[in-house]
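Below is one structure, written out as structure tokens; comments come after it.
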Amino acid sequence: MTSDPTTHFGFSEIPLNEKMARVRQVFDSVVDKYDLMNDLMSLGIHRLWKRYAIRRLRIRPGQQILDVAGGTGDLTRLMYPHLQGNGRIVVYDINDKMLNLGRSRMTDRGIVSGVEWIQGNAEELPFPSNTFHIASIGFGIRNVTQIEGAIQEMVRVLQPGGEFLCLEFSKMAVSMLQPLYDAYSFNVLPELGHWVANDRDSYQYLVESIRRFPDQQTFATLLQDHGLSGVRYHNLSGGIAAVHHGWKV
């Protein structure tokens with residue numbers, strides 16, 4: 001008798017087919033306080049990380065860009081000016097509330113044309129192969145049910161020579177700082193979630209999901225194994241986050 005497949009949800013093991021709904025529930029719960037919590041948790045540094053990540057890309061007018069798990073539009077807003085009104089960004093996210101938030105922000109800035117908003121699963125991208133010049137994902141890859149499936153799909157829809165970019169929380173590069181970082185993550189962040197967003201459990205999951213994510217080199221190797229070349233990673237804030245960047249073979 002074989003057991004049903006499982007996956008991790010933070011430090012817990014749950015049935016594989018339940019993770020997508022559980023993750024959606026987490027982001028449904030935190031969407032109203034999402035920006036405020038990001039600023040509080042990172043002291044606003046997440047904004048600098050995102051700007052640095054986008055500077056790694058060679059965005060040119062006329063390009064087709066896919067922003068996976070980009071519902072709030074943070075990366076899209078940084079990429080959009082580089083297109084100079086000529087090109088397209090598809091914002092793709094599983095969570096409709098996040099997409100609504102991002103769309104409202106862009107509309108408030110007068111940005112309507114050149115950006116599409118599509119809801120769906122990162123492991124089943126509804127686009128033809130070899131479509132996009134750039135595929136990005138920011139702080140989303142660790143939340144998918146099967147990371148390798150999402151990477152495979154993003155590489156599939158990239159044109160040959162297209163750029164892949166991933167910004168994600170990672171592992172501290174200075175080991176002596178790990179205990180301090182752990183104390184902050186496990187003791188302060190869930191309490192912030194409780195008092196600010198009225199949701200301790202979601203932020204407990206987010207902390208645990210970061211610890212379950214592969215280290216920088218392991219993730220780089222995973223990207224190479226799925227068809228990317230020239231993969232490099234750049235640590236941010238001592239490895240609290242990292243940017244991985246490569247090209248489709």
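Bear in mind these aren't lab numbers, they're just calculated from the coordinates by the rules spelled out. Nothing here was measured: the structure is a model prediction, and the numbers come from that model. For neighbour counting, all protein chains shown are included, and Cβ atoms are generated from backbone atoms with ideal geometry for every residue, glycine included.
Applying the Karplus relation 6.51 cos²θ - 1.76 cosθ + 1.60 with θ = phi - 60° to region 14-31 yields 3J(HN,Hα) values of 10, x, 3, 6, 9, 5, 4, 5, 5, 5, 4, 5, 4, 6, 4, 6, 9, 4 Hz, where x marks Gly and Pro. Here the Karplus curve 6.51 cos²θ - 1.76 cosθ + 1.60, taken at θ = phi - 60°, turns the phi angles of region 112-121 into couplings of 10, 7, x, 10, 10, 10, 10, 8, x, 8 Hz, with x standing for Gly and Pro.
Top mean-square fluctuation among S202, S12, S185, Gaussian network model of the chain, C-alpha springs under 10 Å? Maximum fluctuation in the GNM of the chain, among the listed residues, is at S12.
Remark: region 6-248 carries a charge dipole of roughly 880 debye about the Cα centre, counting +1 on each Lys and Arg Cβ and -1 on each Asp and Glu Cβ.
Residues whose amide H comes within less than 5 Å of that of T6, counting only those at least five positions distant or on another chain, are L16 (H built at 1.01 Å from N in the peptide plane).
Can you check what the net charge comes to around N121, using other residues whose Cβ is under 13 Å from the Cβ of N121 (Lys, Arg +1; Asp, Glu -1)?
Details: positive: K19, R24; negative: D93, D96, E123, E124, E153.
With Lys, Arg at +1 and Asp, Glu at -1, the neighbours total -3.
Could you please rank Y52, Y92, placing first whichever residue has the fewest other Cβ atoms within 10 Å of its Cβ?
Details: Y52 14, Y92 27.
Going from sparsest to densest Cβ surroundings: Y52, Y92.
Over all pairs of different C-alpha atoms, the chain has a mean inverse distance whose reciprocal, the Kirkwood radius, equals 18.5 Å.
Relative contact order, whole percent, for region 6-248 stands at 20, derived from Cα pairs under 8 Å and 6 or more residues apart.
A dipole drawn for the chain from +1 and -1 charges on Cβ atoms has a positive end, and of H226, L165, L78 the residue lying farthest that way is L78. Tell me, how many Å apart are the Cα centres for region 209-249 and for region 68-89? Cα centres, region 209-249 to region 68-89: 22 Å. Placing unit charges on the Cβ atoms only, positive for Lys and Arg and negative for Asp and Glu, gives region 23-143 a dipole magnitude near 580 debye about its Cα centre.
Just to confirm the filter: which chymotrypsin sites (Phe, Trp or Tyr not before Pro) across region 1-42 are DSSP coil and have at most 14 other Cβ within 10 angstrom of their Cβ?
In loop regions of region 1-42 (DSSP not H, G, I, E or B), the sparsely surrounded chymotrypsin sites (Phe, Trp or Tyr not before Pro) are F11.
Report the antiparallel proportion of the DSSP beta bridges in region 6-248 as a percent, rounded to a multiple of 5.
On the way: 18 of 38 bridges.
The antiparallel proportion sits near 45 percent.
Under a 5 Å amide H cut-off, with hydrogens placed 1.01 Å from N, G162 pairs with K248 among residues at least 5 apart or on other chains. Using the Karplus relation 6.51 cos²θ - 1.76 cosθ + 1.60 with θ = phi - 60°, the per-residue 3J(HN,Hα) values for region 235-248 come to 6, 10, 6, x, x, 4, 10, 8, 9, 10, 9, x, 10, 6 Hz, with x marking Gly and Pro. The mean sequence distance of close C-alpha pairs (under 8 Å, at least 6 residues apart), as a share of the length of region 101-227, puts its relative contact order at 23 percent. Residues whose amide H comes within less than 5 Å of that of W117, counting only those at least five positions distant or on another chain, are V91 (H built at 1.01 Å from N in the peptide plane).
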